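Quick note: the coordinates plus some simple rules give every number you see, no bench work behind them. Not measured: the values here are computed from a predicted model. Note that we place each Cβ from the backbone using ideal geometry, even for glycine, and neighbour counts take in every protein chain shown.
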């Protein structure tokens with residue numbers, strides 16, 4: 001399991017100087033912060049409006065409420081039934097969606113430039129005047145209860161939810177399933193939805209990202225009607241929740257799926273928040289370890305041993321401490337050796353990447369930058385990362401400079417600060433009999449709760 005030599009790294013013809021998208025910023029009359037990037041290669045405008053109403057904002061009694069509210073938002077408005085809303089969007093050729101992540105409730109709009117203004121009016125209706133009637137809420141509830149009832153059917157879904165609980169703890173909003181429970185979902189009524197929705201509606205705490213052909217003045221003209229309808233409440237902006245994590249003790253945790261042909265594996269530990277000075281460099285550190293097809297982890301588990309179709313590692317980015325995770329679905333009979341192999345690879349990587357790996361990472365990231373912003377969706381993701389994390393507009397170039405300046409020695413020091421292979425949390429969702437050589441382990445149910453052992 002020696003480090004892989006990147007002798008076939010892309011040839012360099014001098015450092016690239018890709019043009020990063022230019023960001024324009026403005027604040028509307030209601031305090032809503034807008035960041036935009038110019039795009040005129042296609043006649044469409046993309047918008048993401050992020051409100052402070054993600055999973056982190058839920059209390060235990062509200063588990064699953066954030067995503068329930070998001071789903072209900074698209075079920076109609078005061079002026080439009082569900083079908084009328086869909087018809088209005090279809091008439092404009094617009095796509096409007098609502099969803100949530102850990103930090104935000106997000107409304108996403110994609111529309112042809114010539115229909116932007118009427119589409120923004122519909123967006124305002126969905127945002128400010130949701131229907132939330134009994135019929136639509138019952139429809140959303142039935143779908144959600146069906147998802148909860150079948151939550152154990154897919155090993156990857158089980159691994160995702162249980163890993164969150166192991167990393168963040170059952171008492172953290174981030175450690176609870178975003179689906180909710182049957183009890184909480186049955187308790188959601190119009191009053192509960194409107195109360196949670198209202199908490200997210202301070203425009204001063206929201207962020208709007210937009211990509212299109214518009215100048216800042218043109219954008220302001222088109223967005224001000226929304227700002228006039230969406231007034232800011234009096235008083236200070238409410239502070240955002242900062243979930244406190246209490247990870248499980250290092251060790252092996254198993255959700256048994258007897259006779260399963262594959263095992264979903266997760267290995268890792270809690271790492272740092274995006275505000276940490278090292279956060280930006282961690283993606284470069286991870287690239288040769290598990291961030292690309294030719295990484296050490298994937299080449300060892302897939303190409304050399306044939307245990308999996310693919311394995312990756314990642315440092316998650318969030319406003320609070322987030323995990324470093326290695327993930328793979330491996331053949332059941334090779335579960336124990338896969339765990340042992342990953343541990344050994346992480347121990348090796350404490351010595352840092354080789355110079356060849358550093359060169360390969362630099363060349364790959366430089367060449368990726370040259371084509372990273374070729375679609376409006378990729379530009380929108382760039383704008384959102386800058387907004388959400390408070391990163392500088394040239395953060396991709398800053399990351400490259402850090403990579404060059406750190407070199408193998410500096411990256412080794414970074415690995416030693418942020419990788420803990422001797423204290424990994426390991427989750428296996430698969431046939432527990434394949435892990436007898438690694439016993440003892442802690443058995444869990446499909447929600448991550450410990451099971452009694454005989």
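Taking 0.36 nm per residue of sequence separation and subtracting the Cα-Cα distance, how much length would be gained by fully extending the chain between residue 417 and residue 377, in nm to one decimal?
Working: separation 40, 0.36 × 40 = 14.40 nm, distance 3.43 nm.
Separation in residues times 0.36 nm, less the Cα-Cα distance, equals 11.0 nm.
On a 0 to 90° scale, report how tilted helix 134-149 is relative to the longest principal axis of the chain, with both axes built from alpha carbons and the result rounded to the nearest 10.
Roughly 0 degrees, rounded to the nearest 10.
Let's test the formula: R0 of 41 Å, r as the Cβ-Cβ distance of residue 238 and residue 350. What FRET efficiency results, to the nearest 0.05? Don't skip to the answer; put the middle values down first.
Working: r = 42 Å, r/R0 = 1.03.
Step by step, r from the Cβ atoms, then E = 0.45.
Counting C-alpha atoms alone, how compact is the chain: give Rg to one decimal and Dmax as a whole number, in angstrom.
Just the Cα atoms of the chain yield Rg and Dmax of 23.6, 69 Å.
Between residue 370 and residue 40, what is the spin-label point distance in nm, taking each point 7 Å from the Cα along the Cα→C-beta axis?
2.6 nm
Quick check: Cα centre of segment 114-177 to Cα centre of segment 332-409, how many Å?
30 Å
Take the Cβ-Cβ distance between residue 273 and residue 182 as r, set R0 to 30 Å, and report the resulting FRET efficiency rounded to the nearest 0.05. Present the calculation step by step, with values, prior to reporting the outcome.
Values: r = 33 Å, r/R0 = 1.10.
After rounding, the FRET efficiency stands at 0.35.
Go ahead and run the numbers for FRET between residue 19 and residue 439, Cβ-Cβ distance against an R0 of 51 Å, rounding to 0.05. Write out the running numbers ahead of the final one.
Details: r = 56 Å, r/R0 = 1.10.
So, using R0 = 51 Å, E works out to roughly 0.35.
Among bridges DSSP assigns within segment 23-229, what percent are antiparallel (round to 5)? Walk me through the intermediate numbers first.
Details: 25 of 31 bridges.
The antiparallel fraction comes to roughly 80 percent.
Relative to the first principal axis of the alpha-carbon coordinates of the chain, what is the inclination of helix 155-168, with its axis defined by its Cα atoms, in degrees from 0 to 90 and to the nearest 10?
On a 0 to 90 degree scale, this one is about 90.
Per 10 Å bin, what percent of the C-alpha pairs of segment 242-389 does each bin hold, from zero upward?
Bins of 10 Å from zero give 10, 33, 35, 19, 3 percent of pairs.
What residues from segment 119-135 fall in the zone where the backbone N is under 11 Å from a label point 7 Å along the Cα-to-C-beta line of residue 90?
Residues passing the 11 Å test: none.
Tell me the angle of helix 82-92 to the major Cα principal axis of the chain, expressed in degrees between 0 and 90 and rounded to the nearest ten.
90 degrees
How many percent of DSSP beta bridges within the chain run antiparallel, rounded to 5?
Of those bridges, close to 75 percent are antiparallel.
Among 215, 325, which comes first, then next, by fewest other beta-carbon atoms within 10 Å?
215, 325
Given the convex hull of the Cα atoms of segment 295-362, what is a quarter of its surface area in nm²? Walk me through the intermediate numbers first.
On the way: hull surface 22.8 nm².
Mean shadow area of the hull around the Cα atoms is 5.7 nm².
Could you work out how much longer the chain between residue 150 and residue 395 gets when fully extended? Use 0.36 nm per residue separation minus the Cα distance between them, nm to one decimal.
Values: separation 245, 0.36 × 245 = 88.20 nm, distance 4.12 nm.
So the extension gain works out to 84.1 nm.
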